[in-house]
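Colleague: Sharing a structure, written as structure tokens. Questions coming.
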């Protein structure tokens with residue numbers, strides 16, 4: 001597994017500070033090599049919208065034909081990575097060829113973060129219709145609306161990422177639950193875990209705030225489009241960059257968010273999963289899969305804890321940075337989870353259950369607001 005001197009998920013204004021922070025982590029100095037320019041990234045574009053501009057790469061399977069509605073998976077790289085590098089490491093393009101879906105890789109640039117991190121720790125990037133979340137959603141919408149090149153199933157749009165990319169995917173799930181049917185998180189942190197770069201470093205080393213509190217914050221960020229978001233989380237127990245406690249906290253945060261957004265139909269207990277499965281690929285890391293179902297028996301959360309794995313994409317290809325081929329295949333697991341969780345049609349506004357759900361959510365918001373009034 002390749003490692004970087006720069007800590008994924010962070011951004012500092014000066015290189016010296018970056019070096020000091022990395023030294024304090026005791027990390028080895030080695031920047032990742034980018035994947036070859038001949039990597040199968042078929043189309044490179046630039047998105048420009050009200051919130052800003054970013055390049056992005058789209059992978060279209062060779063046998064895909066316009067007119068066939070297919071899923072779209074948004075893949076968010078980590079710090080010091082590029083879109084091409086991330087594609088090589090996750091092998092998501094190969095899955096796209098096999099299962100016929102479109103993959104888009106938004107690319108952070110050094111103009112906005114010198115280490116190519118998504119700026120998940122800035123408050124301006126933790127809300128809807130602003131900053132990097134709005135740019136990433138703008139990219140997804142551009143692809144969906146370009147019907148001359150692609151036919152995207154609007155009920156099957158997903159987002160996944162690693163490290164800083166996973167932390168941004170958490171934000172996207174909270175701020176755009178009407179866009180993303182489900183989210184995949186690898187080695188990330190909970191919603192609004194930090195509001196500055198220095199606080200972000202502390203979260204990565206020690207863990208974030210109370211997951212119940214952050215779950216409530218994520219629910220509040222959902223606003224009028226709140227709904228339970230299916231989540232799949234991967235975390236290595238040997239991660240020296242993002243403390244493994246963050247994996248537990250991400251799961252617990254979404255457990256609380258989904259409880260509030262589901263009108264009590266999802267009331268899971270972190271310590272009492274619906275099912276537990278232990279596995280191990282030949283010669284690889286052992287792992288445990290925890291699953292939680294809602295009151296209807298439908299799975300809503302999945303948590304893969306990979307024994308001894310560091311800060312790396314589980315089951316990834318070593319041609320990409322931050323990968324560990326000895327872990328279970330995270331890309332395949334996320335794809336399968338996504339396909340089991342399409343966006344369901346919303347109930348008509350006049351449906352009794354819809355009215356009751358909105359009324360309950362409104363009362364909750366009034367109740368939570370009363371506790372936030374300064375005394």
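Rule-based calculations on the coordinates, nothing more; no lab input. Given the structure is predicted, the values throughout are model-derived calculations rather than measurements. Please note: Cβ atoms are built from the backbone with ideal geometry, for glycine as well, and neighbour counts cover all protein chains shown.
Colleague: Report whether or not residue 251 is surrounded by fewer than 21 Cβ atoms within 10 Å (Cβ to Cβ), over 19 Å from residue 326 (Cα atoms) and touching a residue at least 12 places away in the same chain (Cβ under 8 Å).
Modeller: no
Colleague: Now for a different question. Filter the range 192-235 down to the residues that are farther than 22 Å from residue 117 by Cα, assigned to a loop (DSSP other than H, G, I, E, B) and within 16 Å of the chain's Cα centre (by Cα) and list them by number.
Modeller: 228, 229, 230
Colleague: Just one of 238, 184, 188 is within 13 Å of the chain's Cα centre (by Cα), at negative phi and part of a loop (DSSP other than H, G, I, E, B); which is it?
Modeller: 188
Residues checked against (1) in contact with a strand residue (DSSP E or B) (Cβ under 6 Å, 6 or more places away or on another chain); (2) part of a strand (DSSP E or B); (3) in contact (Cβ under 8 Å) with a residue 12 or more places away in the chain; (4) surrounded by fewer than 19 Cβ atoms within 10 Å (Cβ to Cβ):
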{"position": "272", "(1), (2), (3), (4)": "no, no, no, yes"}
{"position": "277", "(1), (2), (3), (4)": "yes, yes, yes, yes"}
{"position": "285", "(1), (2), (3), (4)": "yes, no, yes, no"}
{"position": "292", "(1), (2), (3), (4)": "yes, yes, yes, no"}
{"position": "304", "(1), (2), (3), (4)": "yes, yes, yes, no"}
{"position": "318", "(1), (2), (3), (4)": "no, no, yes, yes"}
{"position": "327", "(1), (2), (3), (4)": "yes, no, yes, no"}
{"position": "332", "(1), (2), (3), (4)": "no, no, yes, yes"}
{"position": "342", "(1), (2), (3), (4)": "yes, no, yes, yes"}
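Colleague: If you don't mind, there's one more thing I want to ask. Go through (1) in contact (Cβ under 8 Å) with a residue 12 or more places away in the chain; (2) in contact with a strand residue (DSSP E or B) (Cβ under 8 Å, 6 or more places away or on another chain); (3) closer than 24 Å to residue 95 by Cβ and name the single condition residue 237 misses.
Modeller: Unmet for residue 237, out of (1) in contact (Cβ under 8 Å) with a residue 12 or more places away in the chain; (2) in contact with a strand residue (DSSP E or B) (Cβ under 8 Å, 6 or more places away or on another chain); (3) closer than 24 Å to residue 95 by Cβ: (3).
Colleague: Within the group 312, 261, which residue is farther than 23 Å from residue 238 by Cβ, crowded, with 17+ Cβ neighbours inside 10 Å and in contact (Cβ under 8 Å) with a residue 24 or more places away in the chain?
Modeller: Going through 312, 261 in turn, the sole match is 261.
Colleague: OK, next. Can you name the residue in the range 118-134 that is over 19 Å from residue 226 (Cα atoms) and under 15 Å from the mean Cα position of the chain (by Cα) and is also surrounded by the fewest Cβ atoms within 10 Å (Cβ to Cβ) among such residues?
Modeller: Ranking the candidates gives 119 first.
Colleague: State whether one or more residues within the range 145-167 are part of a helix (DSSP H, G or I) and over 24 Å from residue 333 (Cβ atoms).
Modeller: yes
Colleague: While we're looking at this one, here's another question. Filter the range 104-116 for residues that are farther than 24 Å from residue 177 by Cβ, crowded, with 22+ Cβ neighbours inside 10 Å and in contact (Cβ under 8 Å) with a residue 60 or more places away in the chain and give the result.
Modeller: Across the range 104-116, the qualifying residue is only 115.
Colleague: Right, next: Tell me which residues, restricted to the range 241-270, are assigned to a loop (DSSP other than H, G, I, E, B) and within 14 Å of residue 193 (Cβ to Cβ).
Modeller: Scanning the range 241-270 gives 242, 243.
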